[in-house]
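Here is the structure we will look at.
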């Protein structure tokens, strides 16, 4: 089973102009919204489109970023059919597959959220590395 591509079809961001400053809490969430068959012209292989939503909320009511897209997944025909059957029956996907799909969606969603957060003056949803100035330590005076 392989993730072939992650496509985005919606990216939105909004920032409240009336929000007050102070402590900001950022909540990131990814969910699988739908699983569809993907027509694929390779013998013995079959594909699925996992539609996902990535949401980044800034509290208290500072703004939000929403990213929606599809993870294109290809695997053996029997395995893919079993995954699709599980989704159709109870909206569940095996944990190993969910982990792969959600990680791909998180990766793509976070990159887009970092890019767009700068454009609408929201804090980055992930802490970015910073160079810290270090103060040289002084030796204690020797006493005899």
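Working only within the stretch 15-28, note down all residues that are surrounded by 12 or more Cβ atoms within 10 Å (Cβ to Cβ) and assigned to a strand (DSSP E or B). Listed by number, the residues that qualify are 15, 26, 28.
Please tell me if residue 50 is free of Cβ contacts under 8 Å to residues at least 60 places away in the same chain, in contact with a strand residue (DSSP E or B) (Cβ under 9 Å, 6 or more places away or on another chain), assigned to a loop (DSSP other than H, G, I, E, B) and surrounded by 11 or more Cβ atoms within 10 Å (Cβ to Cβ).
In short, no.
Evaluation of residue 99 against the conditions (1) without any contact (Cβ under 8 Å) to a residue 24 or more places away in the chain; (2) surrounded by 13 or more Cβ atoms within 10 Å (Cβ to Cβ); (3) under 22 Å from the mean Cα position of the chain (by Cα) shows that the sole unmet condition is (2). Residue-level analysis places residue 66 among those that are surrounded by fewer than 20 Cβ atoms within 10 Å (Cβ to Cβ), closer than 30 Å to residue 19 by Cα and modelled with pLDDT of 90 or more.
Here is a yes/no grid of residues against (1) closer than 15 Å to residue 36 by Cα; (2) within 14 Å of the chain's Cα centre (by Cα); (3) free of Cβ contacts under 8 Å to residues at least 60 places away in the same chain; (4) in a strand (DSSP E or B):
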position: 69; (1), (2), (3), (4): yes, yes, no, yes
position: 82; (1), (2), (3), (4): yes, no, yes, no
position: 104; (1), (2), (3), (4): no, yes, no, no
position: 110; (1), (2), (3), (4): no, yes, no, no
position: 131; (1), (2), (3), (4): no, no, yes, no
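When the stretch 102-114 is filtered for residues that are farther than 15 Å from residue 4 by Cβ and buried (at least 18 other Cβ atoms within 10 Å of the Cβ), the ones remaining, listed by number, are 102, 109, 110, 112, 113. Against the list (1) touching a helix residue (DSSP H, G or I) at 6+ places or on another chain (Cβ under 6 Å); (2) within 28 Å of residue 4 (Cβ to Cβ), the condition residue 69 fails is (1).
Say whether the condition of being modelled with pLDDT of 95 or more, surrounded by 15 or more Cβ atoms within 10 Å (Cβ to Cβ) and within 24 Å of residue 26 (Cα to Cα) is met by at least one residue in the stretch 71-82. There is no residue in the stretch 71-82 that is modelled with pLDDT of 95 or more, surrounded by 15 or more Cβ atoms within 10 Å (Cβ to Cβ) and within 24 Å of residue 26 (Cα to Cα). Just to verify a result, which residue in the stretch 1-55, among those that are at pLDDT below 85 and in contact with a helix residue (DSSP H, G or I) (Cβ under 8 Å, 6 or more places away or on another chain), is farthest from residue 116 (Cα to Cα)? Of everything passing the filter in the stretch 1-55, 44 is farthest from residue 116 (Cα to Cα).
Can we say residue 37 is without any contact (Cβ under 8 Å) to a residue 60 or more places away in the chain, assigned to a strand (DSSP E or B) and loosely packed, with under 14 Cβ neighbours inside 10 Å? So residue 37 passes the test. Scanning for something modelled with pLDDT of 95 or more and in contact with a helix residue (DSSP H, G or I) (Cβ under 8 Å, 6 or more places away or on another chain), does the stretch 89-108 turn up at least one residue? No: zero hits.
The values are calculated or read from the model by the stated rules, or taken from the named source; none is laboratory data. If you're wondering where the values come from, they're calculated on a predicted model, not measured in any experiment. Every residue, glycine as well, gets a Cβ built from its backbone with ideal geometry; the counts of neighbours run over all protein chains shown.
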